[in-house]
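Every number in this text was worked out from the coordinates using simple rules, so none of it is lab data. All values derive from a computational prediction rather than experimental measurement. Quick reminder, even Gly has a Cβ in these numbers, built from the backbone with ideal geometry, and neighbours come from all protein chains shown.
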Amino acid sequence: MLDLVQTMALPHQPFLKPIWHPILPQRPSIASHVEAALTMSNHAMYALNEYAVNEPEAGSKGVNRVSAEHSILWIDGIGGYLLWDKPEMVIGQAVADGHADVGITGDLSRRAAVIRRMGSDYLIQPLQATKLNGQAIDRPQLLRDGMVIELGTSVKLRFSRSNALSGTARLEMVSIHRWKPHVDAIMMLADCCIIGPRAGSHIACPEWPNEVLLVQKSSGISASQLFSRWQLRTAEEVLVNGQPVKGQFPLAAGMHVRGEEFSLSFE
């Protein structure tokens, strides 16, 4: 795996022992980790004080209009995951004329909450009755790994960040409700998405021999479709739509990837 990413290796950090991974970009220094534990970043503090939720444009339809901005990753034997890489995501009731980016089939407002990524932080802005770890909130709050979000009277979600060195986070359903489209979790992509057997993988596939990585083409790319902004990276030769490929290659709608011990596809 190291030969794929030798140029992106992390600097030596003798006093900090996070889950190390060669694909991840450089993260803040030890001092900044300590400082972040004591005070929020300036961006997060600004967001907490000045957070504003943009109103949807007239005539826009959330559940329908974002179909080009997300993708669904299907992993055989594991599940389905909606991939979202925008810095802001509106969660709400799954209705055709709603303004939610991600819908839930439950008793919710059409715009129930907004989750926004600010640097390495995630903030939640409640737009209806919301609890965080059982405590009611009425203003933006910082999300931390393992927190349970309760929207309305019954919808519960778990926010998680399995790798401290990556900004990618995951939202999964705790209550009996369902996402629309019906998937197992929402992957909020930041820098990469690690799929594999190792501790710290964003999507755990314990039986796989190697990892598969979703990586950004460039942080400056502003293409409208998610497929245009991300690539897949493998350590072994795989079949992509029946053709042998090795290394790094772009995503495409309808792409099917088969390795020696795994199979996945993108919708």
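Note on segment 132-267: Kirkwood hydrodynamic radius from all Cα pairs is 16.7 Å, rounded to one decimal.
Here the calculated FRET efficiency for VAL174 and GLN225, from their Cβ-Cβ distance with R0 = 51 Å, stands at 0.95, rounded to the nearest 0.05. Between ARG139 and ASP107, the simple spin-label model (points 7 angstrom out along Cα→Cβ) gives 3.0 nm.
For the residue pairs LYS156/LYS217; LYS217/LYS246; LYS180/LYS217, the C-alpha atoms sit more than 24 angstrom apart in LYS156/LYS217; LYS180/LYS217. D by Stokes-Einstein for segment 179-219, Kirkwood Rh over Cα pairs, 25 °C, 0.890 mPa s: 214 µm²/s. The slack in the chain from ALA252 to LYS86, taken as 0.36 nm per residue of separation less the alpha-carbon distance, amounts to 57.9 nm.
For VAL148 and LYS217, FRET efficiency with R0 = 45 Å and r from the beta-carbon atoms, rounded to 0.05? For R0 = 45 Å, the calculated efficiency reads 0.85.
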